[in-house]
Amino acid sequence: MSRPFRLALVHPCIGRRPGEAYIKTWQMESLPMGVLAALTPRDVEVRLHDDRTEAIPYDEPADLVAISVETYTAKRAYQ
């Protein structure tokens with residue numbers, strides 16, 4: 001049996017202040033990550049990474065990485 005296809009979905013953060021959590025998390029809720037996860041076939045292993053609430057695990061293996069970018073998150077997405 002082969003391993004499942006691994007899809008990593010990343011939602012970038014627009015910024016943080018040193019020592020604080022994401023700035024105003026309630027103001028900008030993005031839907032693309034949830035929609036993509038819901039539309040992905042069940043045999044695909046999906047990992048959601050929200051840069052607003054957790055560090056992105058750059059060393060985690062993935063076959064495909066999808067990054068949701070809005071104008072206000074573009075700078076972080078390019079990093």
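The values are calculated or read from the model by the stated rules, or taken from the named source; none is laboratory data. Just so you know, these numbers come straight off a predicted model, no measurement behind them. Neighbour counts are summed over all protein chains in view; Cβ atoms, including those assigned to glycine, are modelled from backbone coordinates with ideal geometry.
Can you confirm whether the stretch 9-30 contains a residue that is modelled with pLDDT under 85, part of a strand (DSSP E or B) and charged (D, E, K, R)?
Looking for residues that are modelled with pLDDT under 85, part of a strand (DSSP E or B) and charged (D, E, K, R), one finds at least one in the stretch 9-30, hence yes.
Of the residues making up the stretch 31-65, those that are surrounded by 13 or more Cβ atoms within 10 Å (Cβ to Cβ), modelled with pLDDT of 85 or more and out of contact with any helix residue (DSSP H, G or I) (no Cβ under 8 Å at 6 or more places or on another chain) are 36, 37, 40, 44, 45, 47, 49, 56, 62, 65.
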